[in-house]
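What follows is calculated from the coordinates using simple rules that are stated; it is not laboratory data. Nothing here was measured: the structure is a model prediction, and the numbers come from that model. Virtual Cβ from ideal backbone geometry, glycine too; neighbours counted across all protein chains shown.
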Amino acid sequence: MSRALDQKPEMTNARADYYGRIGEHNMTPLWEVIHKLLAKEPVTQATPHIWKYDEIRELLLESADVISAAEAERRVLVLENPTLRDQSCITEALYAGLQLIMPGEIAPTHRHSPAALRFIIEGSRAFTAINGEKAYMEPGDLILTPSWVWHDHGHDGTEPVVWLDGLDIPMIRHMGPVFAEPYSGDSGEFHPEGNPSGDNQSRYGANMLPVGAKFDTDNSPVFHYPYPKTRAALVELAKSGHTDACHGIKMEYINPANGGPAMPTLGTFMQYLPDGFKTETYRSTAAWVYSVVEGTGRTMIGDQVFNWSPRDNFVVPAWYPHHHEPDGDAFLFSFSDKPVHDKLGWFREARGAA
């Protein structure tokens, strides 16, 4: 009779001696570790955690006195998962951080193979330029900087601006192809010459495509999704009464050219939890990073309760059961590694109590 995958074989003196000798040749016995490699269900080292914005805001603003945006390249405080410290990741596959830019500052132009998103937390009139086209920031906006596009940040406003960075750096780093380079224009310009601000929304974001448009990438040609439009769509959709038991009213930001996720490796979502609604328990093989836009409430993750308010950020690692309980109307942004799971046939979910 074969043993269960989660049962280790008995250790004997002969086996211990053998393991030591094969170890000298950089080998190890699979039968001693197969229970870890092929577990009954997903195992993650990441743990649930919440970053209360009101508790860390002053520390974030203090970073402007410590280093300039230009000197830092990107002035960001990385949100490190408590059980993955010093690895610069919020889950095994995802990176998150809070970036600050002050009035008049510039974060230099560069590009890299990891894909990135910017979800605006606080402030107004900073911008991200994508290949030279500026996207001006307002709270709740989503701005994308896909893999290998030139991008920089600046600030034409009068108050600090903070946004949540989400990247697939850990995933790309694990697989190997991390590349980055600074911009160096032929004539010394700060960034490439681009289209007028808002061109991407007019050209691709009005349920129309220019005649003859062709795309050589799976990244969305729309890279700025303003919050007022997103919010209005969810509120209007709620009138149909088709509320998902596990998600409330939840929509994904998509690539209008192919109907898929806005970026191939990072899924981005906004959900509306109406007053009096409590979601059923949900878990999935994908991990989720949440940012609270409006409302207060709590999320039960495993056996822990996390109370949240606007601008708080929290993480639900893979396969953790969780559900949301808003105190009134609430809006939650989230990003996830779900597109990778979908493309590779890994995605699995469980709805309702296990």
- Message: Among 123, 198, 20, which one shows the highest mean-square fluctuation when the chain is modelled as a Gaussian network with alpha-carbon springs under 10 Å?
- Response: 20
- Taking a cut-off of 18 Å between Cα atoms, list the lysines near residue 338, but don't count ones fewer than 8 places away on the same chain. 250
- Item | Rg/Rg_ref, the range 49-351, where Rg_ref = 2.2 N^0.38 Å and atoms are Cα | 0.97
- Query: Rounded to the nearest 500, what is the chain's calculated 222 nm mean residue ellipticity when only DSSP H runs of at least 4 contribute -39500 (n - 2.57) each, over all residues?
  - Reply: -5000 deg cm²/dmol
- Label point distance in nm, residue 47-residue 239, each placed 7 Å from Cα along Cα→Cβ: 4.7
- For residue 21 and residue 214, extending 7 Å from Cα along the Cα-Cβ vector and measuring point to point gives, in nm, a value of 6.4
- Which GluC sites (Glu not before Pro) in the range 1-78 pass both tests, a DSSP loop state and at most 15 other beta-carbon atoms within 10 Å? 10, 24, 73
- Item | Surface/4 estimate of mean projected area, convex hull on alpha-carbon atoms of the range 1-40, nm² | 3.3
- Query: Which part of the range 96-119 falls in the paramagnetic zone of residue 65, meaning amide N under 18 Å from the point 7 Å along Cα-to-beta-carbon?
  - Reply: 100-103
- What full-extension length gain, to one decimal in nm, is calculated for residue 280 and residue 148 as 0.36 nm per residue of separation minus the Cα-Cα distance? 43.6 nm
- Taking the alpha-carbon centre of each part, the distance from the range 47-124 to the range 209-227 in Å is 27
- Using 1/(1 + (r/R0)^6) with R0 = 22 angstrom and r between the beta carbons of residue 159 and residue 296, what's the FRET efficiency to the nearest 0.05? 0.40
- Which residue fluctuates the most in the chain, going by a Gaussian network model with Cα springs under 10 Å, if the choices are 311, 173, 283? 173
- Query: Hey, what angle do you get for helix 227-238 against the long axis of the chain, alpha-carbon based, 0 to 90 degrees rounded to 10?
  - Reply: 70
- Could you give the angle, 0 to 90 degrees to the nearest 10, between helix 53-66's Cα long axis and the longest principal axis of the Cα atoms of the chain? 70
- What's the extension gain from residue 199 to residue 13 if we count 0.36 nm per residue and subtract their Cα-Cα distance? 59.9 nm
- Determine the shape class of the range 90-219: with a ≥ b ≥ c the square roots of the Cα gyration tensor eigenvalues, call it rounded for a/c under 1.5, and otherwise prolate if a/b is greater than b/c, oblate otherwise. rounded
- Query: What translational D, rounded to a whole number of µm²/s, comes out for the range 239-295 from Stokes-Einstein when the hydrodynamic radius is the Kirkwood one over Cα pairs, at 25 °C and 0.890 mPa s?
  - Reply: 187
- Query: If we restrict to alpha carbons, what Rg and Dmax does the range 27-162 come to, in Å?
  - Reply: 18.5, 62
- When only DSSP loop residues count, what chymotrypsin sites (Phe, Trp or Tyr not before Pro) in the range 128-224 have their Cβ near at most 14 other Cβ atoms within 10 Å? 179, 190, 215
